[in-house]
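For reference, the structure discussed in these notes is given below.
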């Protein structure tokens, strides 16, 4: 029994170590935070965007156009129906692209190329059903 519990514990620790970060944890990463704040520009003054502390899930690894990204999404606490964001972060290049929606007004950040804009739109529609 003790051996079984030890194995379960080790599997849990290994699974936790391999988990992707939540958006609010990703903001604590200096490389991401620098690229993200640069991409946000003046919107970096918006607390919900700066902290990414609204409802979300762990980041997901996605691949398209031959490139790997971490995909995260978040929304403004108590305003998820009107304020939300999807982000793609390339850990290889340190680039952040995103789509912000505030009262259905869309702003792209990070100057995404056309294929990335299209992908951000698809990811946004999937996460926020719009």
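The values are calculated or read from the model by the stated rules, or taken from the named source; none is laboratory data. No experiment lies behind these values; they were computed from the predicted model shown. Heads up, the Cβs are rebuilt from the backbone with ideal geometry, glycines too, and the neighbour counts pull from every protein chain shown.
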Requested in this report: For the stretch 95-105, enumerate the residues that are surrounded by 13 or more Cβ atoms within 10 Å (Cβ to Cβ) and more than 16 Å from residue 74 (Cβ to Cβ).
Outcome: 95
Query raised in the report: Tell me, which residue of the stretch 15-37 that is in a helix (DSSP H, G or I) and exposed (fewer than 14 other Cβ atoms within 10 Å of the Cβ) is modelled with the lowest pLDDT?
Result: 15
Requested in this report: Quickly run through the stretch 63-79 and pick out the residues that are part of a strand (DSSP E or B) and either surrounded by fewer than 18 Cβ atoms within 10 Å (Cβ to Cβ) or more than 16 Å from the chain's Cα centre (by Cα) (or both).
Outcome: 63, 64, 67, 68
**Report entry** Where a residue in the stretch 49-62 is in contact (Cβ under 8 Å) with a residue 60 or more places away in the chain and its partner, wherever it lies, is assigned to a helix (DSSP H, G or I) and crowded, with 18+ Cβ neighbours inside 10 Å, with Cβ under 9 Å and at least six apart
**Finding:** 62/119; 62/123
**Report entry** Selected residue (criterion: nearest to the chain's Cα centre (by Cα)) from residues of the stretch 100-117 that are in a strand (DSSP E or B) and more than 19 Å from residue 53 (Cβ to Cβ)
**Finding:** 108
Report summary line: Checked the stretch 95-111 for anything in contact with a helix residue (DSSP H, G or I) (Cβ under 9 Å, 6 or more places away or on another chain) and over 13 Å from residue 85 (Cβ atoms); matches are 95, 111
Requested in this report: Output the number of residues of the stretch 112-126 satisfying the condition of being surrounded by fewer than 18 Cβ atoms within 10 Å (Cβ to Cβ) and either modelled with pLDDT under 95 or in contact with a strand residue (DSSP E or B) (Cβ under 8 Å, 6 or more places away or on another chain) (or both).
Outcome: 3
Report task. Taking the options 108, 12, name whichever one is surrounded by fewer than 16 Cβ atoms within 10 Å (Cβ to Cβ), on the phi < 0 side of the Ramachandran plot and modelled with pLDDT under 95. Result -> 12
Query raised in the report: Which of the residues spanning the stretch 92-107 are under 21 Å from residue 28 (Cβ atoms) and free of Cβ contacts under 8 Å to residues at least 24 places away in the same chain?
Result: 93
Requested in this report: Looking only at the stretch 39-68, count how many residues are out of contact with any strand residue (DSSP E or B) (no Cβ under 8 Å at 6 or more places or on another chain) and more than 25 Å from residue 81 (Cα to Cα).
Outcome: 4
Requested in this report: Please enumerate the residues belonging to the stretch 38-61 that are assigned to a helix (DSSP H, G or I) and at positive phi.
Outcome: 41
